[in-house]
1. Given (1) over 12 Å from residue 57 (Cα atoms); (2) under 19 Å from the mean Cα position of the chain (by Cα); (3) surrounded by 16 or more Cβ atoms within 10 Å (Cβ to Cβ), where does residue 164 come up short, assuming only one miss?
2. Inside the stretch 34-93, can you point out the residues that are touching a residue at least 24 places away in the same chain (Cβ under 8 Å) and aromatic (Phe, Trp, Tyr)?
3. Of all residues in the stretch 107-128 being under 15 Å from the mean Cα position of the chain (by Cα) and part of a strand (DSSP E or B), which is farthest from residue 73 (Cα to Cα)?
4. How about the stretch 143-186: which of its residues are touching a Pro at 6+ places or on another chain (Cβ under 9 Å) and in a loop (DSSP other than H, G, I, E, B)?
5. If you scan the stretch 29-57, which residues turn out to be at pLDDT 90 or above and either of a type in the set (Gly, Ala, Ser) or in a helix (DSSP H, G or I) (or both)?
6. Please work out which residue is nearest to residue 109 (Cα to Cα), limiting yourself to the stretch 129-158 and to residues that are hydrophobic (A, V, I, L, M, F, W, C) and surrounded by fewer than 18 Cβ atoms within 10 Å (Cβ to Cβ).
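The values are calculated or read from the model by the stated rules, or taken from the named source; none is laboratory data. Since we're looking at a predicted model, the values are computed, not measured. Counting neighbours? That spans all protein chains shown, and the Cβs are built from the backbone with ideal geometry, glycine included.
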Amino acid sequence: MAASPNAAGSPLSRRRWDAVAAIVASLIGFLALVVSGYTAYVQRQQVRAQVWPWLVAGNNDLDHSIEVLNKGAGPAIIRSVQVFVDGEPKQNWDAVLDALGMARPHPFQQSTINPNVLTSAEHITIIKFPDEAPWKQFRAEATNRVWMNICFCSSLDDCWMYSDKRPVGYKVSTQLVKPIDECPRLPDAEVFNN
């Protein structure tokens with residue numbers, strides 16, 4: 001008796017099994033690709049968390065100063081700073097103090113914030129008054145008239161904008177730091193350079 005063409009081991013049966021094996025191998029390869037992509041995504045999220053910066057600013061009445069602090073896990077690369085008095089951008093602390101009506105010479109010390117990099121848990125005193133009298137005058141005038149924007153990025157180029165309408169005095173209960181796609185390019189007249 002002759003073997004039928006559909007019997008086990010025939011060329012047609014082997015082709016079917018080869019096709020099934022090819023489909024299973026393709027599905028396993030696709031599944032491995034999906035798992036690999038998901039693993040890369042999770043690892044990127046972990047790296048982002050490890051280099052995540054978070055800036056806050058506030059006054060230090062004991063030290064007669066305004067400070068900026070990086071409370072995040074990674075460095076904050078400061079790309080631009082703006083300081084406004086009554087809605088008008090100022091380029092330096094002398095211009096801010098003039099706009100607030102403080103008499104010259106202005107007795108203050110400053111540290112550069114723009115451009116700068118603040119490491120995790122680092123703080124920088126951006127303006128400090130040596131005596132209590134000019135500090136009290138500055139604090140009284142600045143409380144409702146001065147605000148600042150600080151655009152900063154992580155080492156992975158994720159960026160945020162810190163916008164504080166009360167860098168001196170009590171903070172409002174709104175979100176001060178918001179994610180943005182990139183730091184805006186500002187005209188020279190609007191950039192704060194200290």
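1. (1)
2. Of everything in the stretch 34-93, those that are touching a residue at least 24 places away in the same chain (Cβ under 8 Å) and aromatic (Phe, Trp, Tyr) turn out to be 52, 54, 84, 93.
3. 116
4. Hits for the stretch 143-186 are 154, 155, 158, 186.
5. If the condition is that a residue be at pLDDT 90 or above and either of a type in the set (Gly, Ala, Ser) or in a helix (DSSP H, G or I) (or both), then 57 is the only one that fits.
6. 133
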